[in-house]
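Novice: Could you have a look at this structure, given as structure tokens, before my questions?
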Amino acid sequence: MTLAAGVSKFEAVTMAPPDPILGVSEAFRADTSDAKLNLGVGAYRTEELQPLVLNVVKKAEKKMLESGENKEYLPIEGLAAFNKATAELLLGADSPAIKEGRVATVQGLSGTGSLRLGAAFIQRYFPGAKVLISSPTWGNHKNIFNDAGVPWSEYRYFEPKTVGLDFEGMMADIKDAPSGSFILLHGCAHNPTGIDPTPEQWEKIADLIEEKGHMAFFDVAYQGFASGSLDQDADSVRLFVKRGLEILVAQSYSKNLGLYAERIGAINAVVHSSDVAVRVKSQLKRLARPMYSNPPVHGAKIVANVVGDAALFDEWRAEMEMMAGRIKTVRQRLYDDLSTKDKSGKDWSFVLKQIGMFSFTGLNRAQSDNMSDKWHVYMTKDGRISLAGLSLAKCSYLADAIIDSYYNVQ
Amino acid sequence: MSSRPGGKNPNPSVRKRHEVTDLFGETPHRRSTTNGRHGHGHGRLPYSSQKQSKRRHFSSTEGQSADSDRKATRRLASENMKSVHHRRIASLARHFRMEEGGSIAFSPTSATASSFAHVKQAPEDAILGVTVAYNKDPSPVKVNLGVGAYRTEEGKPLVLNVVRKAEEQLLADRARNKEYLGITGIPQFNKLSAELILGRDSPAIAQGRVITAQCLSGTGSLRVGGEFLATHYSGPKVIYVPSPTWGNHLKIFPLAGLETRTYRYYNPKTRGLDYEGMIEDLRAAPNGAVVLLHACAHNPTGVDLTQEEWEGLRKVIRNDKQQLPFFDSAYQGFASGSLDTDAFAVRRFVNDGGETFIAQSYAKNMGLYGERVGALSIVVRDPSVAARVESQLKLVIRPMYSSPPTYGAAIVSTILSNPALYDEWKVELKAMADRIISMRHQLFDALKARKTPGDWTHILNQIGMFTFTGLNKQQVEYMTKEYHIYMTMDGRISMAGLSSRTVPQLADAIHSAVVKFSS
């Protein structure tokens, strides 16, 4: 093919729209109004609306610098101490699955990177198998499966009428899926809705997945952030493992250890035998090598240092309870303000019932636009607000904005 | 088919992706068509730029013919179905176990067939596997000349002084936090990286024609660049890599979606460059193909082009074939000791106004191996294209890892933006390069002293971290077994792993191997 001299080989490339989530922060930064509020990306803020680096992280980094460790390549599967710590955090230190060597763990680039390795593994070893993702779900899930070449479809999840879980719809869609499908489940603190199944509902979901020969693929990005307890937030995953079901789990330490930019997470496969675990791990490595060779060491060492030191681990738990606690407090205040200001008697209690960093307000696209255009409140267009970016001081203002958008904009 | 070293694909037009129908009559998802509804989800993606679907050249049975590829895909699909049946039966059987005496009892956790039973053990990575084998060896005199990681004269890994200073600065900086970087990473890092490779006064930078994205070291930059090309390049989706090349190139590009072919490069007879073969192969390649070039210190051979040869190559690529050069720059400063000298080839190409891709790594020249710091730079003809290309580049990165890791890039940024630290870095870099050059001389002298048969001047002529010894597999295995020398099977040794103390042992091993197994 001869090309005219002087014409770019990329002339036909069109401008992509900004990322729906990360683009919100860009728009927020560009806004010059004093009243502006960023409820876009799920990054924790203090009451002063400042980013937070956890004390235990600072201590770990200081320790790491003082010990003068080298910067050699990690093995493809990542830092061994991190992999051990992360599997134990997820499944419990006394987990039989771990003791029996039935857990394959590979350090990944936070949640996204770990999901991508899992997706690439599905594409290679379960060709044609479909992944079911919740409607709605984190916006990047579909991109990950698209780029990995894995077909996907949705299962019903959010019921706008109740602003709650459409459990019957969810079960029906999982049942209808071809046997051997992968079901992407949020371990806790569903993103974007904040709506989690109850323990009884989790049991039924496990029953159905087992019956249909599906496999659960858990996305665990908020362990410790939902309830404040690391163990409680892992209940859903541990239930499946206790039942003897094989599962995939992607983990992230972006939120619960505040390590957003260090990109630290893991992909785990809990399988029936240690032989299988060894083989699965070898193939996960084979997918990582041509993607980035081996993962970054810094974040992994921070996690390993925090979890490996009893005092730091306790301090971490306290800091996490503090973060989860602040979000619960803010939820309560927002609910109180909404209920007081909205004279129509609308039930705003979903704000209290929803779990984790996010609240699905039920605002539509036009209403969400009104939030940013008129009120300088930045959120994603699906109606999601990040409570982690809300202070008590701003709850009243936010309540006004939500009420105005809900009632005065169609 | 994907990489067949030295071979030419009989069908020069881009290979079609295999159609695979899954067991339920649905075709598995392909990436990115403007009208495609992906899955059954929210409807079409609003941001795919071209109607071309990305080609996936992965085959689980790599290196085989198209026919056996289709068979393999059908076999996998059939195995998947068996796996589904297994799962159903296993799911039921899981609840029972056989008791002694033949009765069946209820047992929810009895071991049963895994859904992953069909997953085979992957072989150890050829290069990283050398270190795995080295670690297993109990011998106190073992030497690791496998992976290209710098070692001091004492055989220890090195963290540069200037890196420690930067780390201390970062730790002390109260204004720093760990918030997500943007998808393309730290802007200052990107600017400084582009200036490092292209020169601070680069016209391309001044004209706004350079897009730079922070990526995960060299590998990540190559992969992101490859995926971008597979989706957006208007030329043929095929990349030519030198023969031999770094083994991971042959895995990265096919998975990225580019058909991967080779051009002649190394001449075993001369242990130098096969310039004529290279030019001939690139002339025979399609117009507009992508051509991977090692910017300096070719890995694994250490054989580089002279300035005249670079100019000859450039004319063919730019004027005759309108091919797209994709530079892999992993050793800037490490080859000659000078950052500018080692950037000669990249700058020569970029300064002619043509479009260029560049993958940079800071693993070796800043010793930041495990931090995974690198950058992908795309130089386009036209500033108006640059913004569009950057926006689409973000769509490649976001579903891979969202945004890059901050720590290593912050270190690089700190050093490159501070004149005192920059100068200190250059001194430390030159010291590393000089130590490697002195190892070359010591090894050459040691072989000469032993009167080892053969011509060993290539040890002096080859450039950078590695020497392509010319030793064969049999000789290498012998050296590992008898002398505990660990190196890759292609005869490559990392000079960075040698010291004055271990040179004699290596020289003995080579001498012994050459005498015992004359090639």
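The values are calculated or read from the model by the stated rules, or taken from the named source; none is laboratory data. Remember, it's a predicted structure, so these values are computed and weren't measured experimentally. As a convention, Cβ positions derive from the backbone with ideal geometry for all residues, glycine included, and neighbour counts pool all protein chains shown. Each accessible area value is taken on the protein alone, full model and side chains, heavy atoms only, with ligands, DNA and RNA left out. Shrake-Rupley method; radii C 1.70, N 1.55, O 1.52, S 1.80 Å.
Novice: Lys/Arg Cβ at +1, Asp/Glu Cβ at -1, dipole of segment B:180-417 taken about the Cα centre: which of B:Ala410, B:Val379, B:Gln323 is farthest positive-ward?
Specialist: The residue sitting most towards the positive pole is B:Ala410.
Novice: Give me the three principal axis extents of segment A:162-215 from the C-alpha atoms, as integers in angstrom, largest value leading.
Specialist: 29, 19, 19
Novice: Rounded to the nearest 10 Å², what accessible area does A:Cys188 have for a 1.4 Å probe in the complete protein model?
Specialist: Estimated to the nearest 10 Å², A:Cys188 gives 10 Å².
Novice: Please label the shape of the protein assembly as shown as rounded, prolate or oblate, based on the square roots a ≥ b ≥ c of the eigenvalues of the alpha-carbon gyration tensor (a/c under 1.5 means rounded; beyond that, a/b larger than b/c means prolate, else oblate).
Specialist: prolate
Novice: In degrees between 0 and 90, to the nearest 10, how far off the longest principal axis of chain A does helix A:80-91 point, with axes built from Cα atoms?
Specialist: Roughly 60 degrees between the two axes.
Novice: Tell me whether segment B:297-412 comes out rounded, prolate or oblate; compute the Cα gyration tensor, take square roots of the eigenvalues as a ≥ b ≥ c, and use a/c under 1.5 as the rounded threshold.
Specialist: oblate
Novice: Right, another one. Quick check: from the Cα gyration tensor, does chain A come out rounded (a/c under 1.5), prolate or oblate?
Specialist: Rounded, because the longest to shortest axis ratio a/c is under 1.5.
Novice: Just how large is the dipole of chain A about the Cα centre, in debye to the nearest 20, putting +1 at every Lys and Arg Cβ and -1 at every Asp and Glu Cβ?
Specialist: 720 debye
Novice: I want to check the label-to-label distance for A:Ser339 and B:Arg348. Put each point 7 Å from Cα in the C-beta direction and report it in nm to one decimal.
Specialist: If labels sit at A:Ser339 and B:Arg348, their model points lie 7.6 nm apart.
Novice: Just how much of A:Ser181 is accessible, in Å², when a 1.4 Å probe is used and the result is rounded to the nearest 10?
Specialist: Solvent-accessible area, nearest 10 Å²: 0 Å².
Novice: Taking 8 Å as the Cα distance limit and 6 or more residues as the minimum spacing, I'd like the relative contact order of segment B:180-417 as a percentage. Provide the component values of the computation, followed by the final result.
Specialist: Details: 445 pairs, mean separation 71.7, N = 238.
Once divided by the residue count of segment B:180-417, the mean separation gives 30 percent.
Novice: In square angstrom and rounded to 100, what buried accessible area do you get between chains A and B, total over both, with the probe at 1.4 Å?
Specialist: 9700 Å²
Novice: Give me the lysines in straight-line cross-link reach of A:Lys346: C-alpha distance below 18 Å, same-chain residues under 8 apart excluded.
Specialist: Cα-Cα hits under 18 Å: A:Lys161.
Novice: Under a crude label model (7 Å from the Cα following the beta-carbon direction), how far is A:Tyr407 from A:Ala35 in nanometres?
Specialist: 1.7 nm
Novice: Return the carbon/sulfur percentage of the accessible area of the protein assembly as shown, one whole number, probe 1.4 Å, all protein chains in place.
Specialist: The value for the protein assembly as shown is 53 percent carbon and sulfur by accessible area.
Novice: Over chain A, what is the mean sequence separation of C-alpha contacts under 8 Å (at least six apart), divided by residue count, expressed as relative contact order in percent?
Specialist: 25 percent
Novice: How many percent of DSSP beta bridges within the protein assembly as shown run antiparallel, rounded to 5?
Specialist: Once the DSSP bridges in the protein assembly as shown are tallied, antiparallel ones form about 50 percent.
Novice: Also, I was wondering about something else. Of the beta bridges DSSP finds with both residues in chain A, what % are antiparallel, to the nearest 5? Don't skip to the answer; put the middle values down first.
Specialist: On the way: 18 of 37 bridges.
Of those bridges, close to 50 percent are antiparallel.
Novice: Please report, in debye to the nearest 20, how large the charge dipole of segment A:73-308 is about its Cα centre when each Lys and Arg carries +1 at its beta carbon and each Asp and Glu carries -1 there.
Specialist: Values: 23 positive and 24 negative charges, 200 e Å.
It works out to roughly 960 debye.
Novice: Other chains near B:367-374: what is the mean number of their Cβ atoms within 10 Å of each residue's Cβ?
Specialist: 6
Novice: What net charge is computed for the residues neighbouring A:Ser252, neighbours being all others with C-beta under 10 Å from the C-beta of A:Ser252, Lys and Arg scored +1, Asp and Glu -1?
Specialist: Numbers: positive: A:Lys255, A:Arg263; negative: A:Asp219.
Net local charge, A:Ser252 excluded: +1.
Novice: While we're looking at this one, here's another question. Can you tell me the relative contact order of segment A:73-308? Whole percent, Cα pairs under 8 Å, sequence separation 6 or more.
Specialist: Computed value for segment A:73-308: 31 percent relative contact order.
Novice: A follow-up question, please. Sketch the reach of a paramagnetic label on B:Thr270 as a point 7 Å from Cα along Cα-to-Cβ, and name the residues of segment B:286-305 whose backbone nitrogen lies under 19 Å away.
Specialist: Under cut-off, by backbone N: B:294, B:296-305.
Novice: Among the listed pairs A:Lys36/A:Lys353; A:Lys62/B:Lys156; A:Lys71/B:Lys430; B:Lys136/B:Lys473; B:Lys178/B:Lys237, which have their C-alpha atoms separated by more than 29 angstrom in this model?
Specialist: The answer is B:Lys178/B:Lys237.
Novice: Quick check for me: using +1 on Lys/Arg Cβ and -1 on Asp/Glu Cβ, what's the dipole size of the protein assembly as shown about its Cα centre, in debye to the nearest 20? Could the numbers behind the result be given before it?
Specialist: Numbers: 113 positive and 98 negative charges, 389 e Å.
With Lys and Arg at +1 and Asp and Glu at -1, about 1860 debye.
Novice: Give me the percent of DSSP beta bridges within segment A:73-308 that run antiparallel, rounded to the nearest 5. Don't skip to the end; give the middle numbers.
Specialist: On the way: 14 of 31 bridges.
DSSP beta bridges in segment A:73-308 are roughly 45 percent antiparallel.
Novice: Between B:Leu293, B:Pro268, B:Ile279, whose Cα lies farthest towards the positive end of the dipole of segment B:256-312 when Lys and Arg beta carbons carry +1 and Asp and Glu beta carbons carry -1, centred on the Cα centre?
Specialist: About the Cα centre, the residue reaching furthest to the positive side is B:Pro268.
Novice: Between B:Ala387 and A:Thr162, what is the label-point separation in nm under the 7 Å Cα-to-beta-carbon projection?
Specialist: For A:Thr162 paired with B:Ala387, the spin-label model returns 4.8 nm.
Novice: Using only atoms on other chains, find how many Cβ atoms lie within 10 Å of each Cβ of peptide A:121-133 and report the average.
Specialist: 6
Novice: Further question: Pairs A:Lys204/A:Lys381; A:Lys84/A:Lys255; A:Lys59/A:Lys84; B:Lys269/B:Lys448; A:Lys381/B:Lys394; A:Lys84/A:Lys281: which are spaced more than 23 Å apart, C-alpha to C-alpha?
Specialist: With Cα atoms farther than 23 Å apart: A:Lys204/A:Lys381.
Novice: What FRET efficiency do you get for B:Glu195 and B:Asp137 if R0 is 35 Å and r is their Cβ-Cβ distance, rounded to the nearest 0.05? Spell out each step's value before the answer.
Specialist: Working: r = 44 Å, r/R0 = 1.25.
Here the calculated transfer efficiency is 0.20.
Novice: Just the ratio, please: alpha-carbon radius of gyration of segment B:180-417 over 2.2 N^0.38 Å, N its number of residues.
Specialist: Ratio of Cα Rg to 2.2 N^0.38 Å: 0.94.
Novice: Additional query: If you count, for every residue in B:309-322, the Cβ atoms of partner chains within 10 Å of its Cβ, what is the mean?
Specialist: Shielding by partners across B:309-322 averages 1.
Novice: I need the semi-axes of the equivalent ellipsoid of segment A:1-152: take the C-alpha gyration tensor, multiply each eigenvalue by 5, square-root it, list largest first in whole angstrom.
Specialist: Each semi-axis is √(5λ); the values are 34, 29, 20 Å.
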